[in-house]
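**Student:** Have a look at the structure that comes next, please.
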Amino acid sequence: AGVYFPLGSKYAEMLNNHSDIIEATAVTSGASVTNAKAIGSGECQAALLQNDVAYYALKGTNMFDAAIPELKGVACLYPETIQFVVLADSSIMSLADLAGKNVAVGAPGSGTAVACEQILTAAGIWSGITRFDLNFAEAASALKLGEVDAGFIVAGAPTPAIEELAISSDVRILEIPDAILDSLLASGYPFYVRQNIPAGTYGMAGGAATVAVQAMLAVRSDLSENVVYDMTKILFTQLDELRTAHTKGNEVTLQTALDGMSLTLHPGAVKYFKEAGVNVPSSLT
């Protein structure tokens with residue numbers, strides 16, 4: 001019910017159609033943290049995940065008990081928008097109003113759950129909410145049924161789970177003020193950036209000022225240079241095809257591929273970027 005699966009499924013299809021050396025299969029998962037660990041264990045060879053989670057995985061900090069040195073970067077893709085969703089008629093108008101409320105914070109072990117804790121800690125209310133460990137689809141359903149007062153989702157906007165909810169129930173996105181963003185940055189979370197959700201999204205009359213991290217594509221370090229070169233080349237030369245899967249595909253560009261990159265790049269990706277005329281900072285190689 002997020003963006004990873006439609007984009008990832010289309011990308012796997014593109015790899016199968018345009019490479020003679022890759023056979024790809026898209027699989028569902030528990031999101032960023034699970035995906036990073038799956039690369040570490042060898043369960044998967046490529047994954048979509050948040051750039052902040054990738055950084056924590058590489059360092060073995062926060063939700064990771066051990067570092068995952070096998071992670072290598074391919075490209076950053078698009079902003080993953082932080083979305084606190086409430087029903088339009090809710091009395092909750094700000095993050096502070098979430099105190100004492102039931103909040104769906106994300107699937108257990110997910111980057112979403114970690115981001116929720118960071119943001120609500122910055123707002124001073126993390127210990128004051130009742131937490132429900134729900135994924136995007138479960139959060140939307142629970143919100144509709146009144147089982148939770150707010151749902152927390154980190155995904156490209158518009159997010160399918162919220163779009164589906166908005167068909168039957170008017171929704172709002174809570175704003176995240178500058179003071180919270182400043183607190184996050186000061187707390188050592190440099191991945192958060194200002195993001196604005198435009199009016200009209202989910203049928204909302206007005207926009208919402210929130211924050212975002214970046215979605216990125218990572219691979220295992222032991223993949224061959226030729227395979228990752230093909231993966232990178234196909235991603236950026238077949239963007240029109242990728243964009244048919246989700247509107248977030250429109251934000252994937254070669255020009256922004258290294259913006260927010262939190263991992264060193266796989267040599268196969270470096271080879272393609274240099275061939276395509278992209279300046280690759282020495283810090284990423």
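The values are calculated or read from the model by the stated rules, or taken from the named source; none is laboratory data. Owing to the predicted nature of the structure, the values given are computational and were not obtained by experimental measurement. We place every Cβ from the backbone using ideal geometry, glycine too, and count neighbours over all the protein chains shown. Keep in mind that these areas ignore ligands, DNA and RNA; they rest on the heavy atoms of the full protein, side chains included. Shrake-Rupley method; radii C 1.70, N 1.55, O 1.52, S 1.80 Å.
**Student:** Can you go through Leu258, Leu254, Leu284 and tell me which one is in contact (Cβ under 8 Å) with a residue 40 or more places away in the chain and under 19 Å from the mean Cα position of the chain (by Cα)?
**Tutor:** One residue alone meets the criteria, Leu258.
**Student:** Restricting to segment 268-285, give me the number of residues that are touching a helix residue (DSSP H, G or I) at 6+ places or on another chain (Cβ under 7 Å) and within 25 Å of Thr61 (Cα to Cα).
**Tutor:** Going through segment 268-285 one residue at a time, the tally reaches 1.
**Student:** Got a sec? Which helices (runs of 4 or more DSSP H) wholly within segment 1-70 have at least 2 residues that are more than 21 Å from Leu265 (Cα to Cα) and open to solvent by 80 Å² or more (accessible area, probe 1.4 Å)?
**Tutor:** Per the criteria, 4-18.
**Student:** Then there's this: State whether the residues of segment 128-148 include one that is part of a loop (DSSP other than H, G, I, E, B), over 21 Å from the mean Cα position of the chain (by Cα) and hydrophobic (A, V, I, L, M, F, W, C).
**Tutor:** There is at least one residue in segment 128-148 that is part of a loop (DSSP other than H, G, I, E, B), over 21 Å from the mean Cα position of the chain (by Cα) and hydrophobic (A, V, I, L, M, F, W, C).
**Student:** Filter segment 125-155 for residues that are open to solvent by 30 Å² or more (accessible area, probe 1.4 Å) and in contact (Cβ under 8 Å) with a residue 60 or more places away in the chain; which is farthest from Gly2 (Cα to Cα)?
**Tutor:** So, considering only residues that are open to solvent by 30 Å² or more (accessible area, probe 1.4 Å) and in contact (Cβ under 8 Å) with a residue 60 or more places away in the chain, the one farthest from Gly2 (Cα to Cα) is Asp149.
**Student:** Which of the numbered conditions does Ala257 fail, given that it passes all the others? Conditions: (1) within 19 Å of Lys271 (Cα to Cα); (2) at pLDDT below 95.
**Tutor:** Unmet for Ala257, out of (1) within 19 Å of Lys271 (Cα to Cα); (2) at pLDDT below 95: (2).
**Student:** Further question: Just to verify a result, which residue in segment 107-123, among those that are modelled with pLDDT of 95 or more and open to solvent by less than 10 Å² (accessible area, probe 1.4 Å), is farthest from Gln50 (Cα to Cα)?
**Tutor:** So, considering only residues that are modelled with pLDDT of 95 or more and open to solvent by less than 10 Å² (accessible area, probe 1.4 Å), the one farthest from Gln50 (Cα to Cα) is Leu120.
**Student:** Look through segment 71-124, keep the residues that are without any contact (Cβ under 8 Å) to a residue 60 or more places away in the chain, under 18 Å from Val148 (Cα atoms) and not in a helix (DSSP H, G or I), and return whichever of them is nearest to the chain's Cα centre (by Cα).
**Tutor:** Val105
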